[in-house]
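Data block below; observations after.
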Amino acid sequence: MSDSTIMINKIQTDLIKWFDNHGRSLPWRRTKDPYAIWLSEIILQQTRIDQGLKYWENFLREFPDVKSLSMAKESEILALWSGLGYYSRARNIYKAAHILVSKYESQFPKTSSELLKIPGIGPYTAAAISSICFGEVTPALDGNAFRVYSRLFAMSSPIEKRSTIKDIWTLALPLISNKSPGDSNQAIMDIGSTICKPKNPNCPECPLEENCISRRSGIQHEFPVKLKSIKIKEIEKFYVLLKRGEKYGLIRRPKSGIWGGLWTPLELIPEDWELAKTNKNIDESNIKYLKHLLSHRKMNLYFTYWIGDTFPENKEIQWFSEQDLKRLAFPAPIIKILSEKSYF
DNA sequence: AAGACGTGGAG
DNA sequence: TCTCCAAGTCT
């Protein structure tokens with residue numbers, strides 16, 4: 001056995017050992033059911049565990065398997081997803097459930113290359129599911145893993161580049177245990193979230209410390225190398241809540257774009273908002289303001305009631321009673337403003 | 001391939 | 001209050 005093989009074997013066993021002793025205890029780690037794992041992986045995309053946990057429990061309770069999920073209406077899935085964000089994930093699990101039932105006999109494919117064909121499953125999720133559920137030896141590279149590996153290998157090229165990602169994948173592959181690849185991947189992710197954090201990594205606690213190339217030079221904080229900085233644009237949106245008797249008028253947003261498929265009050269373009277003010281259709285002294293941050297945008301949201309019986313011309317408006325609203329999917333800021341400001 | 005797509009917690 | 005960003009994917 002060569003020296004490098006011995007070292008790689010040691011890293012493998014160190015990782016597994018660390019995972020057994022220090023890995024996080026999470027509910028979806030108590031099962032190997034690919035459906036439950038899949039759901040957790042989709043929910044946790046760009047989402048913190050604290051935030052996603054409740055949703056995972058709700059989904060598993062309402063829809064315990066692929067078949068029950070495939071029988072749900074898209075609106076039901078969206079409503080259950082309401083408040084979690086990145087709603088294409090909800091629309092995609094709806095599509096995915098149908099594909100799994102019709103083309104895969106309700107079974108999850110066992111390889112990452114096959115999983116990749118399913119809507120909402122990208123390179124990370126495919127590798128996570130195949131390694132955890134089916135023992136495929138492949139690195140699952142999420143944000144945590146990229147950070148850990150970029151420090152471990154002191155990757156000087158920017159993390160956004162395709163070649164860098166490919167290099168990390170190749171370097172990471174030998175570190176994945178053939179016996180329990182899922183544990184290897186989850187060990188790396190746990191190290192990334194609890195030790196090898198973006199700021200102030202706790203290197204003395206890390207099982208990889210002695211093998212970490214950037215740590216040897218004390219430059220671990222310089223990785224991962226990133227190209228771009230985020231620039232925030234500001235936009236304004238204007239909403240008027242329509243009320244007719246005991247019913248509220250709402251609009252269903254188009255499937256694509258922000259908050260796709262969700263419900264909001266009527267959204268006015270700035271010109272119509274100004275016009276409505278001129279015509280005294282909105283009460284200027286009673287406009288609620290809410291700031292909402294998106295990944296690359298700052299949204300300034302303005303809300304008010306519509307005054308008068310003549311509503312803006314819009315064929316999309318649908319009317320709901322207060323009871324109906326519970327089954328509808330709303331974006332988080334809409335939920336916030338409607339409940340906190342006690343519109344309903 | 002660069003930009004769109006949410007949200008709430010941390011510092 | 002403000003900035004950053006977390007278990008990514010899609011177009």
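What does the charge add up to near A:Ile165, with Lys and Arg as +1, Asp and Glu as -1, over the other residues with Cβ less than 14 Å from its Cβ?
After counting each charged neighbour, the total is +2.
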- [ ] Would you mind computing, in nm to one decimal, how far apart the modelled labels at A:Lys277 and A:Glu322 are, each placed 7 Å from Cα along Cα→Cβ?
- [x] 3.1
Open item on the list: I need the calculated FRET efficiency for the pair A:Lys336 and A:Ile6, taking r as the beta carbon distance and R₀ as 56 Å, to the nearest 0.05.
Closed with: 0.50
Task: Environment charge of A:Arg91, counting only residues whose C-beta is closer than 14 Å and scoring Lys/Arg +1, Asp/Glu -1 - done: +4
- [ ] Using the structure shown, select from A:Lys277/A:Lys315; A:Lys161/A:Lys237; A:Lys277/A:Lys336; A:Lys117/A:Lys231; A:Lys161/A:Lys231; A:Lys67/A:Lys110 the pairs with a Cα to Cα distance greater than 29 angstrom.
- [x] A:Lys161/A:Lys237; A:Lys117/A:Lys231
- [ ] Quick one: grab the alpha carbon gyration tensor of the range A:98-246, order the square roots of its eigenvalues as a ≥ b ≥ c, and give me rounded if a/c is under 1.5, else prolate or oblate depending on whether a/b is larger than b/c.
- [x] oblate
Task: Rounded tilt (10° steps) of A:3-22 against the dominant C-alpha axis of chain A - done: 50
Task: Proxy reagent accessibility, fewest Cβ within 10 Å first, across A:Arg162, A:Arg91 - done: A:Arg162, A:Arg91
- [ ] First select every other residue whose beta carbon is under 11 angstrom from the beta carbon of A:Met7; then total the charges, Lys and Arg +1, Asp and Glu -1.
- [x] -2
Open item on the list: Relative contact order of chain A, please, whole-number percent, based on alpha carbon pairs below 8 angstrom and at least 6 residues apart.
Closed with: 17
TODO: With a/c under 1.5 counting as rounded, go ahead and sort chain A into rounded, prolate or oblate using the C-alpha gyration tensor (a ≥ b ≥ c being the square roots of the eigenvalues; past the cut-off, prolate if a/b is larger than b/c, else oblate).
DONE: prolate
Task: Estimated [θ] at 222 nm from DSSP helical runs (n ≥ 4, -39500 (n - 2.57)) normalised by residues in chain A, nearest 500 - done: -12500 deg cm²/dmol
Open item on the list: With just the Cα atoms defining each centre, how far is the range A:178-212 from the range A:284-322? Give it in Å.
Closed with: 46
- [ ] If a/c stays under 1.5 just call it rounded; otherwise compare a/b with b/c (prolate if a/b is bigger, oblate if not). Do that for the range A:184-279, with a ≥ b ≥ c from the square roots of the Cα gyration tensor eigenvalues.
- [x] prolate
Task: Rough spin-label spacing in nm, given labels placed 7 Å along Cα→Cβ, for A:Leu294 and A:Phe311 - done: 2.5
TODO: Specify the angular offset, from 0 to 90 degrees and rounded to the nearest 10, of the alpha carbon long axis of helix A:123-134 from the longest principal axis of the alpha carbons in chain A.
DONE: 60
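Just so you know, all these numbers are worked out from the coordinates, no wet-lab data involved. Just so it is clear, the model here is predicted, and its values are computed rather than measured. We place every Cβ from the backbone using ideal geometry, glycine too, and count neighbours over all the protein chains shown.
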